[in-house]
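The values are calculated or read from the model by the stated rules, or taken from the named source; none is laboratory data. The model shown is predicted, which means the values in this text are computed figures rather than measured ones. Ideal geometry is used to build each Cβ from the backbone, glycine not excepted, and the neighbour counts take in all protein chains shown. The accessibility values were calculated without ligands, DNA or RNA, using every heavy atom of the protein model including side chains. Shrake-Rupley method; radii C 1.70, N 1.55, O 1.52, S 1.80 Å.
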Amino acid sequence: MASFISDQLHEQQADIAAAIAQPLWQKAAAFAAQAHAGEVPPDEVPPSFAQATRVAVTLTAVYHCQEPPVLAAALLHNVLEKTDVSFDELENQFGRLIASRVERLSRDPDLDEGIHLKRLHACDWQTRLIKLADAAATLDDDGDDLDERIHKTMPVLDLAFGNEQPVLRAQRHLLALLENARMAA
């Protein structure tokens with residue numbers, strides 16, 4: 001029995017050491033991939049996880065924002081909406097800041113989109129930046145009708161305020177995407 005308990009403690013310590021050594025964005029990506037895994041057959045990438053990945057890539061490559069908590073929140077931004085993950089579970093895994101950002105980005109289906117965007121307007125620039133990258137990823141996707149994507153993206157531009165360089169890049173990027181989409185429509 002003592003050997004069994006010792007083995008369990010050793011495994012737990014190894015898991016804790018691995019979690020500490022793992023960069024936050026990798027931990028968030030693994031968590032999000034696992035949370036979204038039930039959306040599709042095992043050999044396919046869940047669309048919600050693919051979209052979250054596009055948001056994170058946009059943040060780093062286009063907006064030049066590489067803050068680990070922002071990237072983690074971007075990778076997790078739709079787990080509360082699309083999966084059975086709870087706020088408490090997110091908070092336990094990633095802390096209050098990231099869980100709060102994810103909660104603010106998650107849209108309550110009973111809440112009007114305009115009210116959701118007004119609430120986001122009061123958030124820090126990092127949370128708004130994730131929403132801007134989310135809008136860019138949605139606009140650049142071939143999923144829904146292009147006119148519908150343009151219509152959904154327009155109000156999100158109101159979140160692109162402030163003088164932070166990533167926000168200014170996001171604003172320029174989203175405006176260029178909208179212009180290209182309008183010409184294609």
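Looking for whichever is surrounded by 15 or more Cβ atoms within 10 Å (Cβ to Cβ) and either modelled with pLDDT under 60 or more than 13 Å from the chain's Cα centre (by Cα) (or both) here; the options are 46, 42, 23. Which one fits?
Criteria check complete, one pass: 46.
Can you find a residue that is at pLDDT 95 or above and touching a Phe, Trp or Tyr at 6+ places or on another chain (Cβ under 7 Å) anywhere in region 132-148?
Yes, there is a match, as at least one residue in region 132-148 is at pLDDT 95 or above and touching a Phe, Trp or Tyr at 6+ places or on another chain (Cβ under 7 Å).
Identify all residues within region 145-174 that are over 16 Å from residue 117 (Cα atoms) and out of contact with any helix residue (DSSP H, G or I) (no Cβ under 8 Å at 6 or more places or on another chain); write none if there are none.
145, 147, 148, 163, 165, 168, 172 - these are the residues of region 145-174 that are over 16 Å from residue 117 (Cα atoms) and out of contact with any helix residue (DSSP H, G or I) (no Cβ under 8 Å at 6 or more places or on another chain).
So residue 100 ticks every box in (1) modelled with pLDDT under 85; (2) open to solvent by less than 50 Å² (accessible area, probe 1.4 Å); (3) farther than 24 Å from residue 140 by Cα but one. Which box is left unticked?
Just one mismatch for residue 100, condition (1).
Pick from 89, 67: which is at pLDDT below 95, open to solvent by 60 Å² or more (accessible area, probe 1.4 Å) and of a type outside the set (S, T, N, Q)?
Just a single option satisfies the conditions, and that option is 67.
Per-residue answers, yes or no, for (1) of a type in the set (Ser, Thr, Tyr); (2) under 24 Å from residue 168 (Cβ atoms); (3) at pLDDT 85 or above; (4) surrounded by 11 or more Cβ atoms within 10 Å (Cβ to Cβ):
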position	(1), (2), (3), (4)
52	no, yes, yes, yes
80	no, no, yes, yes
94	no, no, yes, yes
110	no, no, yes, no
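The conditions are (1) closer than 17 Å to residue 51 by Cα; (2) surrounded by 12 or more Cβ atoms within 10 Å (Cβ to Cβ), and residue 142 fails exactly one of them. Which is it?
Of everything listed in (1) closer than 17 Å to residue 51 by Cα; (2) surrounded by 12 or more Cβ atoms within 10 Å (Cβ to Cβ), residue 142 misses just condition (2).
If residue 122 passes every condition in (1) at pLDDT 95 or above; (2) surrounded by 13 or more Cβ atoms within 10 Å (Cβ to Cβ); (3) under 21 Å from residue 136 (Cα atoms) but one, which one does it miss?
(2)
Does residue 136 fit the bill of being open to solvent by less than 20 Å² (accessible area, probe 1.4 Å) and within 16 Å of residue 70 (Cβ to Cβ)?
yes
If a residue has to be free of Cβ contacts under 8 Å to residues at least 24 places away in the same chain, assigned to a helix (DSSP H, G or I) and not hydrophobic (A, V, I, L, M, F, W, C) to count, how many in region 153-185 make the cut?
Residues that pass the stated criteria total 3.
With the checklist (1) within 21 Å of residue 97 (Cβ to Cβ); (2) of a type in the set (A, V, I, L, M, F, W, C); (3) touching a Lys or Arg at 6+ places or on another chain (Cβ under 8 Å) in hand, flag the one item residue 125 doesn't pass.
(3)
Out of (1) open to solvent by 20 Å² or more (accessible area, probe 1.4 Å); (2) under 18 Å from the mean Cα position of the chain (by Cα), the odd one out for residue 158 is which?
(2)
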